[in-house]
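Worksheet: one structure, shown below.
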Amino acid sequence: MVPDVSTGSDTRGLIVYLFGPGRRDEHTDPHIVAAWDMAGAPDPGRDPAATYSKLAKRLDHHVDLRTRELGGKKPSQHVWHCPVRTAPGDRYLTDAEWAEVARRIVHAAGIAPEGDEKACRWIAVRHADDHIHIMATTVRADGRRPRTHRDGQRAQAECREIEAEFGLRHLKSGDLTAPRTPTGAERAKAERQGQTATARQWLREQAYAVAAAVRNESDYFTVLQSLGIKVKTRLGPETGDVIGYSLAAPCDTNAAGEPVWYGGSKLAPDLSINRLRERLPDQEAADRPRYVADLAEPWRHTTTAVQMARTALDSGDDAAAQGYLAAFGDALYNIASATTSPHRAELQAAAMAFNRARRSATRADHQAATALRKAAKELAYASNEPGGLAIALLFATVHLARAAAKWHEQRGHEQQAAAAEEALRRLQAGYQQAATPVLADLTRRAPRAATARRFEQDVRAALPDHADRILADPTWTALTTTLAHAETAGHNPRRLLAEVGTQRELDSAEHPAEVLNWRITAQPNRRTQAARMRSATSGTSAVSATPHPPATPVAVRPEERSRHR
């Protein structure tokens, strides 16, 4: 059951809408199911002899009586409006049940506490099977305003109790960190234009993708404009510094042909200018992502940083963990952007799903996650996708998403836990698409039996507590191929197994050989490292780097730049 509290100033206009034919969904049999005084509230829906507009005028007079008693001057935003809707699949409630719902919500929200004879006047109108609209005038009989602080949260809490008592589907409670839901008018506009997402939703995703890739605030606005998005900044009157900004989607205009602007904080709480600055501090040139000779380095660095993030979630430092979750949200966007394989769609969906899991009421320590954030930004500049190493990174993201869901669940963050679970499902689907053919190919190219037996002895010596499970794992044969490659790259198989086997525990791994396979894949080539060290000693740098990354890194691919193309 979902309550959606808002305020306004047009009592009669809202009444006319509630008893009218509706703008999108037809209003069927609109009528009052509950009110401050059922005997004193005229019901336009139950008087067929008069038009609803005339009766709306009468009802407006009764509901707004208290404001007239103040001398006719209505306070600003004095109309309290709260639609309450059951979840899809819930049973239909009777009028009597909806009446009880309405009375409990106005009591919980502070509009009309039970037994308060001087409480605000209100009505609850039903014009569909699955929802009602509660409307109130926020002026009490004694002339005071009601105490509605945190009314939305209190209404949500009451709905959770109603769901349990009425046998309805239990929905996830929020913590005021969720982005704004598109309005009905925004959804209707998107449908008319044939768009699958509203302008608000589209702008939010573009802003997240760009913020994940750029290095500072200036680049953020530059790249947004390069994507065709209009940017308007708000400057401080004294300092002239940017204190806020708004975005408008291409071709999204109002009736007057003017752009429809959305403030950063109205797109999502962590897209406000202040929250962005916490994640996008100006960096020195030396800290900026660089092109390097080993094009696999960005993927390897990100894999290592994602594994560090898993450790942070278990550390007990909630601020650091929240910082890592925010950085992981950025990393998912950059992984999807750098991926060209068929599973890219699943990664994009995972990034979008994880947006709700990347923030909570816990204040994030973004400095703790600097390594993950910097590594993820390198991916925005990566020009290739090394197959095995990219899958190793994807495998690491699956485990971090699972850890994120558990972390949120333990702290009662219901919506965030559900979002992390959705991202986990998407990442698992993407991983299966990418890994299945690669593991099959590794199995096909397995080394000779004598080499496999030698690797079996290495496993028993390096990881005796896990050896039986590793050797019984269906992916053991693929692991022997990976061990052979690692040996060719200069690694000692036994020492390497001991090293990667202690990076994290293996007891909870369903397929320990598969876990070891991707951990080993993420290891650097020892022979290449040795060659670099020799080259560096002789005074010749093996790393070729440009002093600066591109001025406008492409966070969104060209074919996705305009939702109206």
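The values are calculated or read from the model by the stated rules, or taken from the named source; none is laboratory data. These numbers come from a predicted model, not from an experiment. So basically every Cβ, Gly included, is an ideal-geometry build from the backbone, and we count neighbours across all protein chains shown. Remember, those area values only see protein heavy atoms, side chains included, never the ligands or the DNA or RNA. Shrake-Rupley method; radii C 1.70, N 1.55, O 1.52, S 1.80 Å.
Residues that are within 21 Å of A326 (Cβ to Cβ), in contact with a strand residue (DSSP E or B) (Cβ under 8 Å, 6 or more places away or on another chain) and not in a helix (DSSP H, G or I) within region 199-252 comprise G244, Y245, L247, listed in sequence order. Restricting attention to region 169-205, which residues are in contact with a helix residue (DSSP H, G or I) (Cβ under 7 Å, 6 or more places away or on another chain) and of a type in the set (S, T, N, Q)? S173, T177, T198 - these are the residues of region 169-205 that are in contact with a helix residue (DSSP H, G or I) (Cβ under 7 Å, 6 or more places away or on another chain) and of a type in the set (S, T, N, Q). Does D252 fit the bill of being acidic (D, E), open to solvent by 40 Å² or more (accessible area, probe 1.4 Å) and either at pLDDT below 95 or within 22 Å of the chain's Cα centre (by Cα) (or both)? Against the criterion (acidic (D, E), open to solvent by 40 Å² or more (accessible area, probe 1.4 Å) and either at pLDDT below 95 or within 22 Å of the chain's Cα centre (by Cα) (or both)), D252 does not qualify. Mind listing just one residue for me: the one in region 402-430 that is modelled with pLDDT under 95 and of a type in the set (D, E) and, of those, surrounded by the fewest Cβ atoms within 10 Å (Cβ to Cβ)? Residue satisfying both the conditions and the ranking: E409. Pairs linking a residue in region 410-428 that is within 19 Å of D318 (Cβ to Cβ) to a residue that is among the acidic types (D, E) and assigned to a helix (DSSP H, G or I), with Cβ atoms under 9 Å and 6 or more positions apart or on different chains, are R411/D318; Q416/E409; A417/E409; A420/E409. Residue count for region 499-517 satisfying the condition of being among the aliphatic types (A, V, I, L, M) and more than 22 Å from L439 (Cα to Cα): 0.
I'm trying to understand the selection: among the residues of region 157-213, which are surrounded by 17 or more Cβ atoms within 10 Å (Cβ to Cβ) and of a type in the set (S, T, Y)? Passing the criteria: T177, T198, Y208. Within region 442-458, one or more residues are in contact (Cβ under 8 Å) with a residue 60 or more places away in the chain and open to solvent by less than 50 Å² (accessible area, probe 1.4 Å). Regarding region 478-492, can at least one residue be identified that is farther than 20 Å from F395 by Cβ, open to solvent by 30 Å² or more (accessible area, probe 1.4 Å) and not in a loop (DSSP other than H, G, I, E, B)? Within region 478-492, one or more residues are farther than 20 Å from F395 by Cβ, open to solvent by 30 Å² or more (accessible area, probe 1.4 Å) and not in a loop (DSSP other than H, G, I, E, B). Scanning region 147-159 for residues being touching a residue at least 24 places away in the same chain (Cβ under 8 Å) and under 17 Å from D4 (Cβ atoms) gives a total of 9. State yes or no: is D95 open to solvent by 10 Å² or more (accessible area, probe 1.4 Å), modelled with pLDDT of 90 or more and touching a strand residue (DSSP E or B) at 6+ places or on another chain (Cβ under 7 Å)? Against the criterion (open to solvent by 10 Å² or more (accessible area, probe 1.4 Å), modelled with pLDDT of 90 or more and touching a strand residue (DSSP E or B) at 6+ places or on another chain (Cβ under 7 Å)), D95 qualifies.
Listed by first and then second residue, the pairs linking a residue in region 118-133 that is within 15 Å of S6 (Cβ to Cβ) to a residue that is in a loop (DSSP other than H, G, I, E, B) and at pLDDT below 90, with Cβ atoms under 6 Å apart and 6 or more places separating them unless they lie on different chains, are W122/W36. One residue stands out among those in region 327-341 that are open to solvent by less than 10 Å² (accessible area, probe 1.4 Å) and small (G, A, S): the one that is nearest to Q367 (Cα to Cα), which is A327.
Restricting attention to region 114-139, which residues are open to solvent by 30 Å² or more (accessible area, probe 1.4 Å) and more than 16 Å from A99 (Cα to Cα)? Residues satisfying the conditions are G115, D116, E117, K118. Being open to solvent by less than 20 Å² (accessible area, probe 1.4 Å), at pLDDT below 95 and among the small types (G, A, S) is not true of S383. Restricting to region 257-291, what's the tally of residues that are part of a loop (DSSP other than H, G, I, E, B), of a type outside the set (D, E, K, R), modelled with pLDDT under 90 and exposed (fewer than 15 other Cβ atoms within 10 Å of the Cβ)? Result for region 257-291: 2.
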